[in-house]
Amino acid sequence: MSTWAIVLAAGSSTRLCRCGYKDKKQFLSLDDLPLYWQSVYKFSRCPSVSGVITAFPRDEFEDKKNEAEALVRRHGSGVPVKFVPGGDRRQDSVFNALNSLPRDCDLIFVHDAARPFFSPALLQKLLNGLENASCTGVIPVLPCRDTVKSVCGASVEKTLPRENIVLVQTPQLFIKDGLIKAHNRAQKDGFTGTDDASLVEKYGGTVHTVEGEEKNIKITTPEDLECLKNTGEKQVREITGFGYDVHAFGGSRQMILGGIPIPNGPKIKAHSDGDVLLHALTDAILGLLGMGDIGEHFPDNDPENLGKSSSVFLAEALHLAEQNGLTLTHMDLTIITQIPRLSEYKPLIKKNLMGITGLNERRINVKATTEEGLGFTGEKQGIKAVAVVSGRKNNQE
Ligand code: MG
């Protein structure tokens, strides 16, 4: 089963332009990337999607196509991403995209680029919905919580039963042939629908619903634009950093792990104090920050760092974290060595790190293991440590 996605980024964005915005909403920036790219990228990362077609306004087509192709090169899409010029109406853009689909495509998502916040789980829900029902399309909907009335001018005609009313979102998923048939008929009849499901319904197809997502809002007004800044999910990013370090035995430094001296451990070769655990931890924090590695910040040929306590390196990394709006949330640390036994030192190391980082005891885990006599640690030639650190970072930074 081959599934493609059509991302519609060809609208004229009338409401925002009327409010003085120069850029069409689909080209506004979210996390320094154009709004349409959020959807293109999300579709391209869905394992069930074989390709994406994006429709851009005809008068900006070449510029936007070049921009998007550069984004594909930079971020990688994993699947083909094609571009078509849009039409005058939304459904003309869909029509153009449908005509560019590969022959072997069976299912098609149609999505408005102005809804950047849908989750990958919604795509799966739609796919499951279509698989389990004999229908032409599946659409995400939300219940209507407000009272709904039909009006004539300023006068109310009647109150509609809201139990039967739902609010419709995109992406919508269709069997390709059914959608193409509906579009061809609509084209011939000059019928205009506000979404693709309405065309399918009109021409005899059946459309089922699945529960949509509250956060999957459509950016339409300047107020909605605030959501680009304020969406909780977007504002805070959960990130992970990884650190790894090795030191050889046989030097002149007393073994020190996580800032705790290990008197019965073998001597360590090192330029600094050779605290393999704090080196791995410092590297993991630099990893979270996207700021290189410990060697770049504290070169081991710098006399300044000779014999230096690794707590200084860790303190500097924590300082950088604070300066960059990074909050550490958890660290899981493992020391790998054949000798000595470390069980009595683990609580001391943990306590020391709790003091340095301010994290509580449930947020720091210190483990020790051997490699069963294998490899350089097994042969007691050296020691290694790995650190996995989680944190939260403000996405705007
Ligand atoms: Mg080191």
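Rounded if a/c is under 1.5, else prolate if a/b beats b/c, else oblate: with a ≥ b ≥ c from the C-alpha gyration tensor eigenvalues square-rooted, which is the chain? Judged from the Cα gyration tensor, the chain comes out prolate (a/c at least 1.5, a/b above b/c).
Listed cross-link partners K42/K181; K42/K125; K218/K393; K65/K202; K42/K64 are compared with a 22 Å cut-off, the Cα-Cα value being larger for K42/K181; K218/K393; K65/K202. Computed from the C-alpha gyration tensor, the three semi-axes of the ellipsoid equivalent to the range 111-167 are 31, 15, 10 Å, from longest to shortest.
Using C-alpha pairs below 8 Å separated by at least 6 residues, the relative contact order for the chain is 14 percent. Return the calculated 222 nm mean residue ellipticity for the chain, to the nearest 500 deg cm²/dmol, obtained by summing -39500 (n - 2.57) across DSSP H runs with n ≥ 4 and dividing by the residue count. Counting only the DSSP helices, I get -9500 deg cm²/dmol. The length gained on full extension between D32 and T327, counted as 0.36 nm times the residue separation minus their Cα-Cα distance, comes to 104.0 nm. Our coupling estimate for the range 5-12, obtained by passing each phi through the Karplus curve with A = 6.51, B = -1.76, C = 1.60 and θ = phi - 60°, is 10, 9, 10, 8, 10, 10, x, 9 Hz, Gly and Pro reported as x. Could you tell me the distance between the Cα centroids of the range 345-397 and the range 112-128, to the nearest Å? Result: 38 Å between the Cα centres. Fewest neighbouring Cβ atoms within 10 Å first, the residues R74, R89, R115 line up as R74, R89, R115. For the chain, DSSP calls about 60 percent of its internal beta bridges antiparallel. Our estimate of slack between F61 and F191, defined as 0.36 nm per intervening residue step minus the Cα-Cα distance, is 44.2 nm.
What fraction of the Cα pairs in the range 53-139, stated in percent, has a spacing above 18 angstrom? Distances greater than 18 Å cover 56 percent of the Cα pairs. Spin-label model, I217/E296: points 7 Å from Cα along the beta carbon direction are separated by 3.7 nm. Toward the positive end of the charge dipole of the chain, with +1 on the Cβ of Lys and Arg and -1 on the Cβ of Asp and Glu, the farthest Cα among V166, G258, G51 is that of V166.
Straight-line cross-link partners of K158 among the aspartates and glutamates, defined as a Cα under 15 Å from its Cα and at least 8 positions apart when in the same chain: D146. Under a Gaussian network description of the chain, with springs only between Cα atoms under 10 Å, the residue in A113, A186, A154 that fluctuates furthest is A154. Rounded to the nearest 0.05, the FRET efficiency derived from the C-beta distance between A315 and A133 at R0 = 41 Å is 0.10. In a fully extended conformation the segment linking D104 and T147 would gain 11.0 nm over its present Cα-Cα distance, using 0.36 nm per residue. Using a Gaussian network model of the chain in which every pair of alpha carbons under 10 angstrom is joined by a spring, one finds that among K346, K149, K64 the greatest mean-square fluctuation is at K149. Applied to the range 200-206, the Karplus parametrisation 6.51 cos²θ - 1.76 cosθ + 1.60 on θ = phi - 60° returns per-residue 3J(HN,Hα) values of 4, 4, 4, 9, x, x, 10 Hz, with x for Gly and Pro.
Just so you know, all these numbers are worked out from the coordinates, no wet-lab data involved. Just so you know, these numbers come straight off a predicted model, no measurement behind them. Positions of Cβ are backbone-derived with ideal geometry, glycine not excepted, and every protein chain shown enters the neighbour counts.
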